[in-house]
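Since the structure comes first, as structure tokens, the remarks are kept for the end.
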Amino acid sequence: MEFTVEQIAGLLQGKIVGERSLKVNKLSKIEEGTPGSISFLSNPKYEPYLYTTKATAVITSEQLAPKKDIDTTLILVKDPYTAFTLLLDEYNKLQQSQKSGIEQPSFMGNRTQTGNNLYLGAFAYVGNGCKIGENVKIYPQVYIGENVQIGDHTIIYAGAKIYANTVIGKHCTIHAGAVIGSDGFGFAPQPDGSYKTIPQTGNVIMEDWVSIGANTVIDCATMGSTIIRQGVKLDNLIQIAHNVEIGKNTVMAAQSGVSGSTKIGENCIIGGQVGIVGHIKIADKTSIGAQSGIGKSITKTGTAIQGSPAFDYKENLKSMVIFRKLPLLQKRLDELEEKVVNLPDKK
Amino acid sequence: MEFTVEQIAGLLQGKIVGERSLKVNKLSKIEEGTPGSISFLSNPKYEPYLYTTKATAVITSEQLAPKKDIDTTLILVKDPYTAFTLLLDEYNKLQQSQKSGIEQPSFMGNRTQTGNNLYLGAFAYVGNGCKIGENVKIYPQVYIGENVQIGDHTIIYAGAKIYANTVIGKHCTIHAGAVIGSDGFGFAPQPDGSYKTIPQTGNVIMEDWVSIGANTVIDCATMGSTIIRQGVKLDNLIQIAHNVEIGKNTVMAAQSGVSGSTKIGENCIIGGQVGIVGHIKIADKTSIGAQSGIGKSITKTGTAIQGSPAFDYKENLKSMVIFRKLPLLQKRLDELEEKVVNLPDKK
Amino acid sequence: MEFTVEQIAGLLQGKIVGERSLKVNKLSKIEEGTPGSISFLSNPKYEPYLYTTKATAVITSEQLAPKKDIDTTLILVKDPYTAFTLLLDEYNKLQQSQKSGIEQPSFMGNRTQTGNNLYLGAFAYVGNGCKIGENVKIYPQVYIGENVQIGDHTIIYAGAKIYANTVIGKHCTIHAGAVIGSDGFGFAPQPDGSYKTIPQTGNVIMEDWVSIGANTVIDCATMGSTIIRQGVKLDNLIQIAHNVEIGKNTVMAAQSGVSGSTKIGENCIIGGQVGIVGHIKIADKTSIGAQSGIGKSITKTGTAIQGSPAFDYKENLKSMVIFRKLPLLQKRLDELEEKVVNLPDKK
């Protein structure tokens, strides 16, 4: 995708200072600008980069009063940050709309319905009895099992695997290598020490506007559904076990894991590499620090928690400070004991 | 798959109270029952749900003496829990037997032998010289390198990748995106600070009844074999390094990792996000708490251990309780010092 | 691949003692030697295995003075360790050169250039406008998006997914299921509690001699590039977030994660399951112990650090020793307080 400065200025209703026929094909930070890129300057702190940037064009404020010569072409707008955000949105729309059509060979099952403007990449597999909405993009090598439902405008990147009976909402994004609906980890111990598989008969339900990172895994429920509510954003390499429910607009950073049947509230913020045990509840708006281990329910909305096992965020910081000084603490205790050793025992 | 209440009652040798022609197509918990599902009631604690459940049918005890009106159809049996387990087993068998045949396009190498009743999904790739047993199910987009052996009744889900020379037993399950036999992480430091790759020439051997979770990785041995013994169950996103051996019937929860050449005993239970260093031995029946870090061998059978670095489970709990109170401990020490500061030094 | 003892002795310029026509097809450790394998004996500590090994042939020193009868065939060389390394190198070359040609069906985009001796496996997908060097091996089911560049001698194993605009150097290895260039985890909070996706417009640049483990994920930059410098070795299941830079010859063990915009120096050694927060710098030659959490920049070259949160490696060990004894420490404090309770308050 390549655009002229003139085309971009037209989109942003900006005024061009410089060469309007120059072409740009990517976005850059002003301090890292390269020829062929367009950048923006909003925060005055970064103004010095305006005079040195290699970016072909820079979006900046119409209020700008340059202090030095400027080599780059300018697009002057009222609010450069908003203008750049608008540009990002347009970029996003272009990205998402550019793919359509059915590449061959691909595999489409029986009784599967598809909406308009489908992209189905080569080597993608769609099982029997699926319902696929409008404007859905299914990249190459994606696997979709039987009876899967996929809402409008959802994008599934290369090689993601969706097991049978999964329900996916509208405007969802699933990144490469993610696995949705694999069997929950359920085994019944037998008298001889072996384990018998407990069939996992449920599914995964993912509501609208959910984003799933690369190589993240969401297991299906033993019975019923593992549920990912509207607007949830999961980063890469996350583990979500069977029968978990994650509340609306909760975000979770990479490599965290949630054990079976736990219910996480709305608008929680969960750091990376966090582990959460099974069968507990996490209140709305809980913040969990990276690498924490959550072993019991969190009942109060807005709790901030840290540590493994986790407790109050600030208390944990205080304890960690003293943890570092434990050798000193022990030495002080040794010295005190030495001092009081001759005191008579209390009677 | 859809069955009538009559068909299910026949299978379970149960007596129907209600409408025998109703159809069910999934299993549910009684408290979450939806129309079209069949549930069970075994524990009397859940009896109140019997009068409110939306499940189409409920399997329960022939001893039941209802206290209120019941809307759902009942299947009365001697032991409802056992009957439901039987139903789950039948569900499992149906699930596993329903796929067969070879979908096209798929890729079958030269000199590869396959057994009866194979399912080979579209876009699956089987290399040269493989031996594949009876009733094996290979889902779409699976990769199987050269000279791989796969035992009878094994299921490999979509997109799993099996490197050359891997040996897989009977009745194994490998979930989507799992990687078996990738190169061990072996690099020899060079004088200039770079690293030279140490060729990984071995393989992975997986015995019977092993289950491997989605996106889990098992590296091949440098020389010889990485070995996963009979009945081992590995959850999702686990890392097993080169030359590791995992003993019979050991289970490991998601996101745990085992470093190179470590030998884990039989019937161990290893929590999620555990890390185990290389070149150690873990005794049989060891229990390791979630997020623990195991830095040295565990020699005593039946050890329970927790923490990073880990030590005795109960001792760790005690230390963690005091860790939370470290600021108080420090304050008490400050006050004591204040009190004894005027004592004469011992002479 | 099968060779006679004579062929191997020729390669190593060694002298054969025993049967020169025997065939071997794999390498083994001397203590685990199996018929058909070739092993080596360098460290005298292992000499007893020479008299019991089942290996078909053993490479050992021409200085060897056997103390017992030897059943296996010997290849005598000046330096057995160096000879075995040479054998490993030859093994490696054979492995890497054995695949070539284009299997069908595979998908090759428009305007994509490829070099000589390409291997393109069945069901592999190469998008439009890619540039692929000489002697590149692309295994089955690999996905390569648009405008990707791949340098000479690079190997991409089955099912790895490379997003559009990624740049990969020469002599790189990418293992099965790895995802390179997925969207960074960037979402802007909205007044209603939902999140808006921040388009990730950058790419990933991977220099020469980089190795990426199975199911590892490297996100593209928001703008600009996520950069993996020459000679970096990443193990399996690692998370590298957007705009991260990893310095030359740094190695990172499995399941570690690096958050956005962090810059890691050269020749660092990072253990398994480590977490590193975003927007910090890690000095060259830093060593980070397994399961550590790094929350702030490390400025001194050669720092060794451990813990979550991490501090000096040796100090951390000392604190951990006392952590285990906290119940005893508390008891000593209780007893001291008891003793001094009757002292008059200082005035």
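Against the test of being within 17 Å of the chain's Cα centre (by Cα) and more than 8 Å from chain B (Cβ to nearest Cβ), the options A:GLU337, A:GLU266 yield a single qualifying residue, A:GLU266.
Contact map, the range B:182-199: first residue closer than 28 Å to B:ASN215 by Cα, second residue open to solvent by 60 Å² or more (accessible area, probe 1.4 Å) and basic (Lys, Arg), Cβ cut-off under 8 Å, separation 6 or more or different chains; pairs are B:PHE187/B:LYS196; B:ALA188/B:LYS196.
Go through the range B:241-257 and give me each residue that's at negative phi and not charged (D, E, K, R). Across the range B:241-257, the qualifying residues are B:ALA241, B:HIS242, B:VAL244, B:ILE246, B:GLY247, B:THR250, B:VAL251, B:MET252, B:ALA253, B:ALA254, B:SER256, B:GLY257. Of everything listed in (1) open to solvent by less than 10 Å² (accessible area, probe 1.4 Å); (2) within 14 Å of chain A (Cβ to nearest Cβ); (3) farther than 26 Å from A:ILE238 by Cα, the single unmet condition for B:GLY231 is (3). When the criteria are applied in full, A:GLY278 meets the requirement of being in contact (Cβ under 8 Å) with a residue 12 or more places away in the chain, part of a loop (DSSP other than H, G, I, E, B) and under 29 Å from C:ALA214 (Cβ atoms). I want to confirm something. Restricting to the range A:109-121 and keeping residues that are touching a residue at least 24 places away in the same chain (Cβ under 8 Å) and within 30 Å of the chain's Cα centre (by Cα), which single residue is farthest from the other protein chains (Cβ to nearest Cβ)? Filtering first and then ranking leaves A:GLY115. Elements of the type strands (runs of 3 or more DSSP E) sitting completely within the range B:12-108 and holding at least 2 residues that are in contact (Cβ under 8 Å) with a residue 24 or more places away in the chain, more than 14 Å from chain A (Cβ to nearest Cβ) and not hydroxyl-bearing (Ser, Thr, Tyr): these cover B:15-17, B:73-77.
Number of residues in the range B:68-118 that are hydroxyl-bearing (Ser, Thr, Tyr) and either at pLDDT below 90 or open to solvent by 40 Å² or more (accessible area, probe 1.4 Å) (or both) equals 7.
Counting residues in the range B:220-240 that are at negative phi, hydroxyl-bearing (Ser, Thr, Tyr), assigned to a loop (DSSP other than H, G, I, E, B) and modelled with pLDDT under 95 gives one or more.
Conditions (1) among the charged types (D, E, K, R); (2) touching a Gly at 6+ places or on another chain (Cβ under 9 Å); (3) farther than 27 Å from A:ILE156 by Cα, marked per residue:
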site	(1), (2), (3)
A:TYR49	no, yes, yes
A:THR53	no, yes, yes
A:LYS67	yes, no, yes
A:THR72	no, yes, yes
A:LEU86	no, no, no
A:GLU90	yes, no, no
A:GLY101	no, no, no
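If the condition is being crowded, with 24+ Cβ neighbours inside 10 Å, out of contact with any Leu (no Cβ under 7 Å at 6 or more places or on another chain) and not in a loop (DSSP other than H, G, I, E, B), then the range B:127-168 contributes B:TYR143, B:ILE144, B:ILE150, B:ILE156, B:LYS161, B:ILE162, B:ILE168.
Could you count how many residues in the range A:173-198 are among the hydrophobic types (A, V, I, L, M, F, W, C) and buried (at least 24 other Cβ atoms within 10 Å of the Cβ)? Lay out the reasoning, then the answer.
First, the residues of the range A:173-198 that are among the hydrophobic types (A, V, I, L, M, F, W, C): A:174, A:176, A:178-180, A:185, A:187-188, A:198.
After this cut, where a residue has to be buried (at least 24 other Cβ atoms within 10 Å of the Cβ) as well, the list is A:174, A:176, A:178-180, A:185.
Residues flagged as among the hydrophobic types (A, V, I, L, M, F, W, C) and buried (at least 24 other Cβ atoms within 10 Å of the Cβ) within the range A:173-198 amount to 6.
For the criterion of being buried (at least 17 other Cβ atoms within 10 Å of the Cβ) and either on the phi < 0 side of the Ramachandran plot or of a type outside the set (A, V, I, L, M, F, W, C) (or both), A:LEU41 passes. The conditions of being within 14 Å of chain C (Cβ to nearest Cβ) and more than 23 Å from C:PRO309 (Cβ to Cβ) are not met by B:GLY295. Of all residues in the range A:241-257, those satisfying the criterion of being outside any strand (DSSP E or B) and hydrophobic (A, V, I, L, M, F, W, C) are A:ALA241, A:VAL244, A:ALA253, A:ALA254. On the stretch given as the range A:54-86, residues that are under 31 Å from the mean Cα position of the chain (by Cα) and farther than 14 Å from A:LYS15 by Cβ total 6.
Could you tell me whether B:ASN249 is within 10 Å of chain C (Cβ to nearest Cβ), buried (at least 22 other Cβ atoms within 10 Å of the Cβ) and not small (Gly, Ala, Ser)? It is false that B:ASN249 is within 10 Å of chain C (Cβ to nearest Cβ), buried (at least 22 other Cβ atoms within 10 Å of the Cβ) and not small (Gly, Ala, Ser).
A single member of C:GLN306, C:GLN273 is within 30 Å of B:ASP219 (Cα to Cα), in a strand (DSSP E or B) and within 14 Å of chain B (Cβ to nearest Cβ), and it is C:GLN306. In summary, B:ILE150 fulfils each of the numbered conditions (1) among the β-branched types (Val, Ile, Thr); (2) under 23 Å from C:ILE156 (Cα atoms); (3) free of Cβ contacts under 8 Å to residues at least 40 places away in the same chain with the single exception of condition (2). Exactly one residue among C:GLY184, C:GLY260, C:GLY177, C:GLY193 is on the phi > 0 side of the Ramachandran plot, more than 10 Å from chain B (Cβ to nearest Cβ) and not in a strand (DSSP E or B), and that residue is C:GLY193.
Would you call B:VAL148 touching a strand residue (DSSP E or B) at 6+ places or on another chain (Cβ under 7 Å) and over 21 Å from B:ALA124 (Cα atoms)? The answer is no for B:VAL148.
When A:GLY169, A:GLY181 are checked against the criterion of being modelled with pLDDT of 95 or more and closer than 21 Å to B:SER28 by Cβ, a single residue qualifies: A:GLY181.
Here is a yes/no grid of residues against (1) of a type in the set (Lys, Arg); (2) open to solvent by less than 20 Å² (accessible area, probe 1.4 Å); (3) within 25 Å of B:GLY247 (Cβ to Cβ):
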| position | (1), (2), (3) |
| --- | --- |
| B:LYS285 | yes, no, yes |
| B:GLY302 | no, no, yes |
| B:SER308 | no, no, yes |
| B:PHE311 | no, yes, yes |
| B:ILE322 | no, yes, no |
| B:LEU329 | no, yes, no |
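Please work out if A:THR154 is at pLDDT below 95 and either in the same structural domain as A:ILE212 (by TED's automatic domain parsing) or closer than 29 Å to C:ASN236 by Cα (or both). Against the criterion (at pLDDT below 95 and either in the same structural domain as A:ILE212 (by TED's automatic domain parsing) or closer than 29 Å to C:ASN236 by Cα (or both)), A:THR154 does not qualify.
For C:ALA124, the conditions (1) crowded, with 19+ Cβ neighbours inside 10 Å; (2) away from chain B (no Cβ under 14 Å) are fulfilled apart from (2). Tallying residues that are at pLDDT 95 or above and either outside any strand (DSSP E or B) or among the charged types (D, E, K, R) (or both) within the range A:196-214 yields 6.
The single condition among (1) out of contact with any Lys or Arg (no Cβ under 6 Å at 6 or more places or on another chain); (2) away from chain A (no Cβ under 14 Å); (3) outside any loop (DSSP other than H, G, I, E, B) that B:GLU6 does not meet is (1).
The values are calculated or read from the model by the stated rules, or taken from the named source; none is laboratory data. Here the structure is a predicted model, which means the values were calculated and not measured. So basically every Cβ, Gly included, is an ideal-geometry build from the backbone, and we count neighbours across all protein chains shown. Accessible surface is based on the protein model in full, side chains and every heavy atom, while ligands, DNA and RNA are left aside. Shrake-Rupley method; radii C 1.70, N 1.55, O 1.52, S 1.80 Å.
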